[in-house]
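No value in this document is a laboratory result; all are computed from the given coordinates. Bear in mind that the values here come from a model prediction, so they are computed numbers and not experimental data. So basically every Cβ, Gly included, is an ideal-geometry build from the backbone, and we count neighbours across all protein chains shown.
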Amino acid sequence: MKIKEHRLVLGVLIVGLLLRLGIAFWSFRFRENTDVLRYRDWVRIGYLYGLADTYKTDHLTFGTLPNNQPPGQIIVLSAAYRVDILAAKAVYRVFGHSDLTRAFADGPLLDFMLRIPSILADMLLAILLYACVSIYRSRRWAFAAASLWYFSPVVLYNSAVWGQLDSINTMFFLGSLFFLFKKRWGLALTFLACSLLVKLSLMYLLPLVFYILFLSTRSVWPVLKASAMGVLVTLVSVLAVTRNPIIWIGQFLQHNATGEMPDLSAFALNGWWAVIRPHIVFGPDTSAFSATTVALMNSISSDRLLWGVPISVWAVLLFCLFCLPFVFRMIRLGKRYLKPSMIPYSMGLLALLAYLWLPKMHERYMYPALALFALSIGLGVPIVWEYGVLLFLNFLNLLIVWHPFPLPYPFYALFSDQTFQWTISMITIILSIVLYGKFLRFLSPVPIPRRLKSSKMSVTGNHS
């Protein structure tokens, strides 16, 4: 990408970066989320005792839980922490060791540095969206798709205000998709491995990626070679926390693959929310702190038995059931499925179905679907209004679950209302049905023109 040819893109990236920096500094006026407190603890432990100790309880100080994420995440956060240490030394050298500078270095500066990886991943993800669309369509469409995602409130809020890391694993997954488009199979699976090393939240897309790879090559050998690169990256990364990576991976997946919270819906206003109608309750509106606390009420554990089987198993089976119709049509289409717009749309729809029906889904787990749908729009899929409504609904979900600032009373009352939360889940289901129906129509075989159909019938009649 030549800078002279893409000044507008560069300008938009810089504007988005400045916007994120401003929002991040504004958010430091309020309380931090417990996830960020965990990140603080983990990076401190990793710096002092080694990354392997972040998975133990020996050195925890904030009353938080030990590291329950893949090693790629703590590697990224530890890099940000080392930059923070250098920045803190510069602050102390310029302003001295006063109480004010110590409070700044231990608070806002550290929180800001822990947000930098997500903010940079936002920029890289926008560049990847632009690059993917540019392969097949004009730069105007590429710019529109990247901007639609880059400036969406969900993305800004998730990275700059909340400090979550969903943009990092999604960025690596988009990189994997870019190299699939470029037919660079080894790099595609390398980026896929990096995505899963940061977060396991996109594991359900693994079969689809391998199906696309096999369909594109029609050979097992390229798949095996590409897989070897992904496995090698995984093993090297895990060596940062253990000398026995294979055993460690097995134990890690056994204890952490299904998530931490036991609830069937972990604050996601999804399909299970519509079925069981839990309630996100806010703290009393008596102080800034209590008004920003939330609790999940009337929830159901995913381990509860239904006809002798855990509900989580039924949830996985329901997800697979919804996937079956378009899986069968994809197989029928064969290589015709490899149409550029169809690949990200199918992945986005799978991500949306996972958000709706898989157990233990968090409110942020619609994030990959939104990035993939933005790519689909850039590649010509007509889902702009559905995408806009999904963005708005997920942004409401994020605000309901995490609002570090006190909400004005009308919003406080509305967002904490059980019926309002249930309505969001119902509208999300309806939109998902619309997107599902559109996708099945895209997968339908091309209809035979009426003239050809009638001539074919007449030929059949002559033979009879």
Least to most buried among Thr419, Thr234, Thr293 (fewest other Cβ within 10 Å first): Thr419, Thr293, Thr234
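Hey, what's the per residue convex hull volume over the C-alpha atoms of the stretch 259-464, in cubic angstrom? Show your work: numbers first, answer last.
Details: hull volume 34.2 nm³, N = 206.
Each residue corresponds to 166 Å³ of Cα convex hull volume.
To the nearest 20 Debye, how big is the dipole of the chain about its Cα centre, given +1 on the beta carbon of each Lys and Arg and -1 on that of each Asp and Glu? The partial results should precede the final answer.
Working: 40 positive and 19 negative charges, 519 e Å.
Rounded to the nearest 20 debye, it is 2500 debye.
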For peptides 191-200, 311-320, sequence by mean Cβ density within 10 Å, most packed first: 191-200, 311-320
FRET efficiency, 1/(1 + (r/R0)^6) with R0 30 Å, evaluated for Ile14 and Lys339 via beta carbons: 0.30
Computed [θ] at 222 nm, helices only, for the chain once each DSSP H run of length n ≥ 4 contributes -39500 (n - 2.57): -21500 deg cm²/dmol
Signed unit charges on C-beta, dipole axis of the chain, positive-most listed residue Phe104, Asn244, Gly378: Gly378
Stretchable slack from Arg277 to Leu232, in nm (0.36 nm times residue separation minus alpha-carbon distance): 11.8 nm
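Relative contact order, percent, of the chain when contacts are C-alpha pairs under 8 Å separated by at least 6 residues? Walk me through the intermediate numbers first.
On the way: 570 pairs, mean separation 73.7, N = 464.
Relative contact order for the chain comes out at 16 percent.
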Alpha carbon centroid spacing (whole Å) that separates the stretch 70-85 from the stretch 334-390: 30 Å
Angle between the chain longest axis and helix 71-95 axis [Cα atoms, degrees, rounded to 10]: 40 degrees
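Would you order His6, His255 from fewest to most other beta-carbon atoms within 10 Å of each residue's own beta-carbon? Could the numbers behind the result be given before it?
Working: His6 18, His255 10.
Going from sparsest to densest Cβ surroundings: His255, His6.
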J(HN,Hα) series, the stretch 123-130, from Karplus relation 6.51 cos²θ - 1.76 cosθ + 1.60, nearest Hz, glycine and proline x: 5, 5, 5, 4, 5, 5, 4, 4
Nitroxide proxy distance, nm - points 7 Å out along Cα→Cβ at Gln254 and Asn298: 3.9 nm
